[in-house]
Amino acid sequence: MDLPSFISAMPKAELHVHLEGCLTPSLARQLARRNSLPLPPSLSALDETGSTYAFHDLTTFLQVYYPNLSVLQTSQDFADLAITYLSKAHAQNVKHCELFFDPQAHTSRGVPFPTVVRGYQAGIHVAQRSLGISASLIMCFLRDQSAEYAMATLMDSLPFKDIIIGVGLDSDERDNPPSKFAAVFQRAAKEGFLITMHCDIDQPNTLTHLSQAITEIQADRIDHGTNIVESPELIATLKQRGVGLTCCPISNSIVTADFKGAEILSLLRQGVRVTVNSDDPAYFRGYINENMLKLAEGTDVTRRELIQLQRNAFSISWISSWKRNHFLQTLSEFERKTLGLEEEGAGEVKEAEPGVGDEVVVNGA
Ligand code: ADE
Ligand code: ZN
């Protein structure tokens, strides 16, 4: 089996994808027409044949990303966005997804919180029923907005705990450290939400932010976070607590000068629970298979290690033990079928310590 077919056939979990980052130009055009709205400027600048957006780092990416969301108005729009992504994920053999969404990118322009969540929830239900794919929502706070606005958003989310399994932190990291939101995450943990947060690539004070996320906020996962490779102490804490990283090679290559393959592989070989994901696939032009392939083609990662990346993803996913065991068994069967039984010690990847996720049973998951 060639490498793209091997990656494509592998059962996978997607733990780092922004629903708003799945808004393709063609869906955005459809929604603009349906809602009788003008196309946002960066979209009107794209031709229909798929020229690319203009951005070169996180800040300039976000300047394109948020204005495009103006086409999302009704619950049906949000449902369609979720269905479009989940259909693509299903076609790439993704079995389970944990989907980020940014309610403040919508409430700040007058779309009510329930319109957003009910829409995404309806889309997830349709995809679950028609495709059998498993999915849940992670609500992200915009870190360049105030902690008070994040707290108010947390309060808005309380009636939706059946579908929102955790909370995260995204948007522009510069001058917006995790500690700014310590009280919000403390309350979220009290309310039973699991916690993840972006520690984006090569940001100023990146190790301080990682340390705050891991030790002060006690995050259950970190999104990106590959700069942790610079700190043996933080790696030791991460492993001891079983905290996983959701890495996104294509996104890295677009918002920084490098896809960070060497760093991801180094962490994997040190026994950190790293995973490979898509981030904002409509903008970065790569879903999970293309991200796995990017890593595989740019490093000497073995096929068993590619499977280990997915074993990590199912292990750190926020699903019931029953579901986790089922997915892990399916992955082991795939490994046996494609690579045979492993020779003792050959291609060995050190097992991470058991940690968060192992015992997590999530409502509705
Ligand atoms: N929002 C959407 N994609 C993001 C990313 N890669 N980093 C921070 N915030 C985001
Ligand atoms: Zn992200």
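Here the Karplus curve 6.51 cos²θ - 1.76 cosθ + 1.60, taken at θ = phi - 60°, turns the phi angles of the stretch 315-328 into couplings of 5, 9, 6, 9, 10, 5, 4, 4, 5, 4, 4, 4, 5, 5 Hz, with x standing for Gly and Pro. Once you list every other residue whose beta carbon is under 11 Å from the beta carbon of L23, what net charge do they have if Lys and Arg are +1 and Asp and Glu are -1? Here the charged neighbours net out to -3. Using only alpha carbons, the stretch 144-277 has a radius of gyration to Kirkwood radius ratio (Rg to Rh) of 0.97.
Using 0.36 nm per residue and subtracting the Cα-Cα separation, the extra length available between K161 and T256 on full extension is 30.7 nm. For the stretch 1-142, the Kirkwood estimate of hydrodynamic radius, built from reciprocal distances between every pair of different alpha carbons, is 16.0 Å. Across the accessible surface of the stretch 49-98, with the other protein chains kept in place and a 1.4 Å probe, carbon and sulfur atoms take up 56 percent.
When peptides 308-321, 170-183 are sorted by average Cβ neighbour count within 10 Å, with the highest value leading, the order is 308-321, 170-183.
Averaged over every viewing direction, what's the projected area of the C-alpha convex hull for the chain? Give it in nm², one decimal, please.
16.9
Per-residue ellipticity at 222 nm computed for the chain from its helices equals -14000 deg cm²/dmol, with DSSP H segments shorter than 4 residues left out and the rest contributing -39,500 (n - 2.57).
Computed from the Cα positions only, the extents of the stretch 223-273 along the three principal axes stand at 32, 16, 15 Å, in decreasing order.
Only the Cβ atoms of Lys and Arg (+1) and of Asp and Glu (-1) were treated as charged; on that basis the dipole of the chain about its Cα centre amounts to roughly 1000 debye. On the basis of the beta-carbon distance and an R0 of 45 Å, R285 and K190 show a calculated FRET efficiency of 0.70.
Modelled this way, with points 7 Å down the Cα-to-C-beta line, the labels at D57 and S130 are 4.2 nm from one another.
A 1.4 Å probe run over the protein chains yields, for the chain, 39 Å² of accessible area per residue, whole-number rounding.
Along its three principal directions, the equivalent ellipsoid of the stretch 250-312 from the Cα gyration tensor extends over semi-axes of 19, 12, 10 Å, largest first. Per-residue 3J(HN,Hα) values for the stretch 151-164, derived from phi via the Karplus relation 6.51 cos²θ - 1.76 cosθ + 1.60 with θ = phi - 60°, read 5, 5, 5, 4, 4, 4, 7, 4, x, 10, 5, 5, 10, 8 Hz in sequence order (x marks Gly and Pro). Given R₀ = 41 Å, what would the calculated FRET efficiency be for R336 paired with S146, taking r from the Cβ atoms and rounding to 0.05? According to the calculation, E is roughly 0.20.
The values are calculated or read from the model by the stated rules, or taken from the named source; none is laboratory data. Note that the coordinates shown come from a computational prediction; the quantities given were computed from them, not determined experimentally. A quick note on method: Cβ atoms are made from the backbone with ideal geometry, for glycine too, and the neighbour counts reach across all protein chains shown. In case anyone asks, the SASA skips ligands and DNA or RNA and just uses the protein heavy atoms, side chains included. Shrake-Rupley method; radii C 1.70, N 1.55, O 1.52, S 1.80 Å.
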